[in-house]
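Down below is the structure, laid out as structure tokens.
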Amino acid sequence: MHCDSNFTTVWDPLQIFNYHTHYKYAVVILNSPLYWKDNTLLQIWKRAQVNVTVDGGTYRWLHYLEEQGIDLLNEDNTEYVPNLITGDMDSCSPLILEKLKSMGSMIIKTPDQDHTDYTKALLQLGQYAKKEDIELNGIYVFADTSGRFDHIMGNINTLYRSDKIIEHVQVIQIANNSLTWVLRPGLHSIIIPKILVENNGWCGLLPIGAPVNSIITTGLKWNLDNATLQFGSLVSSSNTYDNCSEVTINTDSPVIWTMGIEPLQKNTSNYEISQNT
């Protein structure tokens, strides 16, 4: 996470789609479907400083690679072997784990049932990065937003806790059509690619867990001016951008920011997308 001299937290979350980025990030794959139909995810994986699969997420990664014509267990494909495999391992074959261990994966069993596999994966990733002296600006957690609602909300809970789990690193959940993260109290600047503005990409601000008593925004079609956000009253869903490449948000409480990325999925020139913000 980085701030400018006015203590504005700057978010440029779509840097991972830039093939020439110097952004230092980790990839975490949870046990949810990977609906990526081209090689975009492969490129994101290969540019990451650290790659982690979480329990059943290991099978999700194997299956995705098979769809791309890649056999992960082939010794020629070590670039797709996770650095870390974490979880309670109740959804992963011991034979598969042993094979990946022989190919370079570090296997860390985390049986503690008081925390989700997602939470424990962030803890282990933070320790691994510190031990290996790996600098990270961000962590991208691949977690689809369909399926069991309790799992979805459990993932959101981990997002809210993430700054306590791994400090000074932006944690962003990525699904096939959206990005989601928590804005902490303070002023934030979010860089919006031109293609999302031109296609009226959707976005929202959601006060999950507790009200936001005061929030001010610029750059949205429907801005908030010292508004209160609260479930049962006002939430900012189905918003969009006001023909500009930056959204600013000043909030007095943690709030979820979520944004659609469908136009990026349809455009194969990802480098140009990121550069033309």
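The values are calculated or read from the model by the stated rules, or taken from the named source; none is laboratory data. Predicted, not measured: the structure shown is a model, and the values here were computed from it. No Cβ is skipped: glycine too gets one built from the backbone with ideal geometry, and neighbour counts run over all protein chains shown.
One line per residue, one yes/no per condition, for (1) assigned by the TED database to the domain that holds Asp133; (2) touching a Phe, Trp or Tyr at 6+ places or on another chain (Cβ under 9 Å); (3) hydroxyl-bearing (Ser, Thr, Tyr); (4) under 30 Å from Asp112 (Cα atoms):
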position: Leu14; (1), (2), (3), (4): no, no, no, no
position: Tyr25; (1), (2), (3), (4): yes, yes, yes, yes
position: Trp45; (1), (2), (3), (4): yes, yes, no, yes
position: Asp55; (1), (2), (3), (4): yes, no, no, yes
position: Thr58; (1), (2), (3), (4): yes, no, yes, yes
position: Gly69; (1), (2), (3), (4): yes, no, no, no
> Taking segment 236-252, which residues are crowded, with 17+ Cβ neighbours inside 10 Å and either in contact with a His (Cβ under 6 Å, 6 or more places away or on another chain) or under 23 Å from Ile156 (Cα atoms) (or both)?
Replying inline: Ser236, Asn239, Thr240, Val247, Ile249, Asn250, Thr251
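Looking at Thr110, is it in contact (Cβ under 8 Å) with a residue 24 or more places away in the chain and farther than 24 Å from Lys37 by Cβ? Please lay out each step first, then the result.
Working: in contact (Cβ under 8 Å) with a residue 24 or more places away in the chain: yes; farther than 24 Å from Lys37 by Cβ: yes.
Judged against the criteria, Thr110 is a match.
Filter segment 132-156 down to residues that are β-branched (Val, Ile, Thr) and part of a helix (DSSP H, G or I) and give me whichever is modelled with the highest pLDDT.
Taking segment 132-156 as the starting set, the residues that turn out to be β-branched (Val, Ile, Thr) are 134, 139, 141, 145, 152, 156.
Narrowing the set further to residues that are part of a helix (DSSP H, G or I) leaves 152, 156.
Details: Ile152: 91, Ile156: 95.
Looking at the filtered set, the residue picked out is Ile156.
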> Which of (1) in a helix (DSSP H, G or I); (2) over 23 Å from Gln113 (Cα atoms); (3) without any contact (Cβ under 8 Å) to a residue 12 or more places away in the chain is the odd one out, the single condition Lys164 does not satisfy?
Replying inline: (2)
>> Among the residues in segment 80-99, are any among the hydrophobic types (A, V, I, L, M, F, W, C), touching an Asp or Glu at 6+ places or on another chain (Cβ under 7 Å) and more than 25 Å from Thr21 (Cβ to Cβ)?
In response: yes
> Inside segment 134-150, can you point out the residues that are free of Cβ contacts under 8 Å to residues at least 60 places away in the same chain and of a type outside the set (Asp, Glu)?
Replying inline: Thr145, Arg148, Phe149
> Which one is surrounded by the most Cβ atoms within 10 Å (Cβ to Cβ) among residues in segment 46-95 that are on the phi > 0 side of the Ramachandran plot and in contact with a strand residue (DSSP E or B) (Cβ under 6 Å, 6 or more places away or on another chain)?
Replying inline: Gly87
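Does Asp90 qualify as being modelled with pLDDT under 95, among the acidic types (Asp, Glu), part of a loop (DSSP other than H, G, I, E, B) and more than 18 Å from the chain's Cα centre (by Cα)?
yes
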>> Testing Arg148 on (1) surrounded by 14 or more Cβ atoms within 10 Å (Cβ to Cβ); (2) under 19 Å from Leu34 (Cβ atoms), one condition comes back false. Which one is that?
In response: (1)
